[in-house]
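Visitor: Would you mind keeping the following structure in view while I ask a few things?
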């Protein structure tokens with residue numbers, strides 16, 4: 001079970017707690033992965049305050065998968081660069097879906113350097129699968 005935000009804030013405010021400023025790299029990686037999943041499941045225009053947050057709806061491009069793949073790659077990279085500052089040197093690579101014949105899905109590998117709270121950088125690779133219904137699966141590789 002993960003620690004609640006209130007508990008983390010309470011520990012951080014305690015001047016006798018020697019570990020109050022520690023943040024595990026696994027916590028940072030998990031937070032970045034969750035945020036990227038949120039971005040990938042949000043369509044442009046869904047957020048009133050940030051209309052370009054997320055990725056465009058590409059269902060109208062499905063007749064041309066090459067164009068859809070290129071649009072998604074550019075959009076995902078731009079969104080991460082704009083809205084996820086903890087991931088630097090972002091690269092998006094299309095991965096051919098060879099596992100599920102007859103299952104239309106687009107697979108991508110997102111890679112970059114995770115910037116930790118202490119300034120260190122750690123490589124991060126994420127695998128994503130997007131189906132024709134907009135469902136997204138994401139996992140650290």
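The values are calculated or read from the model by the stated rules, or taken from the named source; none is laboratory data. From a predicted model like this one, the values you see are computed outputs, not experimental measurements. Glycine gets a Cβ as well: all are built from the backbone with ideal geometry, and neighbour counts include every protein chain shown.
Visitor: Sort out which residues of segment 41-66 are touching a helix residue (DSSP H, G or I) at 6+ places or on another chain (Cβ under 7 Å) and either loosely packed, with under 13 Cβ neighbours inside 10 Å or at pLDDT 85 or above (or both), and write them in order of number.
Guide: Correct list: 53, 54, 55, 62.
Visitor: Something else now. Test residue 92 against the criterion of being at pLDDT 95 or above and buried (at least 16 other Cβ atoms within 10 Å of the Cβ), and give yes or no.
Guide: Answer is yes for this residue.
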